[in-house]
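I have placed the structure first, in the form of structure tokens, so that the comments after it can refer back to it.
The numbers here are math on the coordinates, done by the rules we state, and not lab data. Since the model is a prediction, treat every value here as computed from it, not as a measurement. All Cβ positions, glycine included, derive from the backbone under ideal geometry; neighbour counts span all protein chains shown.
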């Protein structure tokens, strides 16, 4: 008897608790992002090179774009900044079991022909949603691709930890086999500084759900060493990511660092005194509000003041720089003194964090999801005002995992994987329409009916004015009637093909948990349980960072 378990939303045969499966991904489909319905018009226009958005970015993410970016960043990034970065990373890795590959990459950062490829992510408990992996895989793969095309340069993949974020509710949970596992504790201040002292109960719940086999036990051991045995969420995340990806040469950067923040001092000062961020991107935001949707809204001052349990906005009121929701306040002279003395206490918000990253790294490209890139596209003029090259924005790879069993069911129905990205009601209507022998649209009849009423409208000018109201009322009535008949026919066909509708719904529900993308709703742990570390090598092999389509991979 088959035991059905949800693996990233997919149904897998777990008849036996095997320790190892031979894993080979099969590429089933690649769906253009604009056809999935999960990416904004802004992002789709960007990757399509729509001229309407060309002023929002610098170089495009292709080989020629990177050729130009290397020159621009090479001319701007100083040797002193490289030495500072190298010394800082040596200190940050002091207590970490560092791989030879990562050691070499950190040393390479001292050289003027070395550049970084960067992704960033929140410190989600136990890595959070699956796309955490795709970000890092895309980053490492891009660094390799660039080395193939530019062999005389060095490219270092970087994972920037969002240690200074303070929205704990966004990161304190994960979904494992459709069960929510949450770290229910109060938190304030930068999440990276939060103690992991109370996280053992979360680990125990995770362990109970994931069960036991060779791979599950290995992952539990890794998560225990990462979270239960490390002191803070920063240390936990760094340990875990280093264990998973250290041998690829991935370099992990913690921006909550006094030395790195010292490089940001001139930009913090300019923001405190001139509020230049909001001014520089005002025109861009006006354009975006008119044609797209604004992702983030800048403030007058786009920095927080942080301590271990405090991360609050800096506001300028009554001639003083005040830390919101506290008694802390500074005069102009006092806050500039504080900035020079303790730069680590000034934390960039979502507007200024991208600038901070590009100030301290010899970076060519930022890899992120659609929502991230949407707010980066607001910032080009901020970078221009700061005399910092705007990085190439690269949309990370996205993946939908399926199984051979589900693929066969889908083929039997006569549907394709692109169909499954449709909203469920639209998917059901399309499925019924595709298999029905009837014409389920009355559009021709609606057009004919409209033509009849259009012929009658000239009579309005030749008769009593009340004829106009009667004619319009009758047109609405007849149109409503034919639409109702159309809907009744469609519902009748859905009842006739109820079994088909039920099957297509079941497949979509399996692959799109909670009606959303699998990669945003599931953790990678269950997949790891059955396939182990092979999932990483298969992802590296199958995903192409320059292919801007949604991958469907069959297990």
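What FRET efficiency comes out for the pair residue 75/residue 334, r = Cβ-Cβ distance, R0 = 25 Å, nearest 0.05? Once the sixth-power term is evaluated, E becomes 0.10. With contributions of -39500 (n - 2.57) from each DSSP H run of at least four residues, the per-residue ellipticity at 222 nm computed over the chain stands at -14500 deg cm²/dmol. Using only Cα atoms, find the angle between the long axis of helix 404-413 and the longest principal axis of the chain, and express it within 0 to 90 degrees, rounded to the nearest 10. Compared with the principal axis, the helix lies near 20 degrees. What's the whole-number percent of alpha carbon pairs in region 33-119 lying beyond 23 angstrom? The calculated P(r) of region 33-119 puts 46 percent of pairs beyond 23 Å. Here each label is just a point 7 Å from Cα along the line to Cβ, and for residue 221 and residue 447 those points are 6.8 nm apart.
Taking region 22-44 and a reference point 7 angstrom along Cα→Cβ of residue 544, the backbone N atoms nearer than 15 Å belong to 27-33.
Kindly rank 41-52, 316-327, 509-520 from highest to lowest mean number of other beta carbons found within 10 Å of each residue. If you can, show how the numbers build up before the last one.
On the way: 41-52: 16.5, 316-327: 12.5, 509-520: 18.3.
So the order, starting with the most tightly packed, is 509-520, 41-52, 316-327.
Fewest neighbouring Cβ atoms within 10 Å first, the residues 185, 399 line up as 185, 399.
Against the chain, whose longest principal axis comes from its Cα atoms, helix 131-149 is set at around 70 degrees.
Model label sites at residue 289 and residue 231, defined 7 Å from Cα along the beta-carbon direction, differ in position by 4.7 nm. The tail of the calculated P(r) for the chain beyond 43 Å holds 29 percent of all Cα-Cα pairs. Relative to the first principal axis of the alpha-carbon coordinates of the chain, what is the inclination of helix 63-76, with its axis defined by its Cα atoms, in degrees from 0 to 90 and to the nearest 10? Taking Cα atoms only, the helix is inclined about 30 degrees. For the chain, the antiparallel share of DSSP beta bridges with both residues in that region comes to about 55%.
PRE reach from residue 207 (point 7 Å along Cα→Cβ): which of region 224-262 fall under 13 Å by backbone N? Hits in region 224-262 for residue 207 at 13 Å: 224-229.
Using C-alpha pairs below 8 Å separated by at least 6 residues, the relative contact order for the chain is 27 percent. For the pair residue 87 and residue 514 in one chain, pulling the backbone fully straight at 0.36 nm per residue adds 149.1 nm over the alpha carbon distance.
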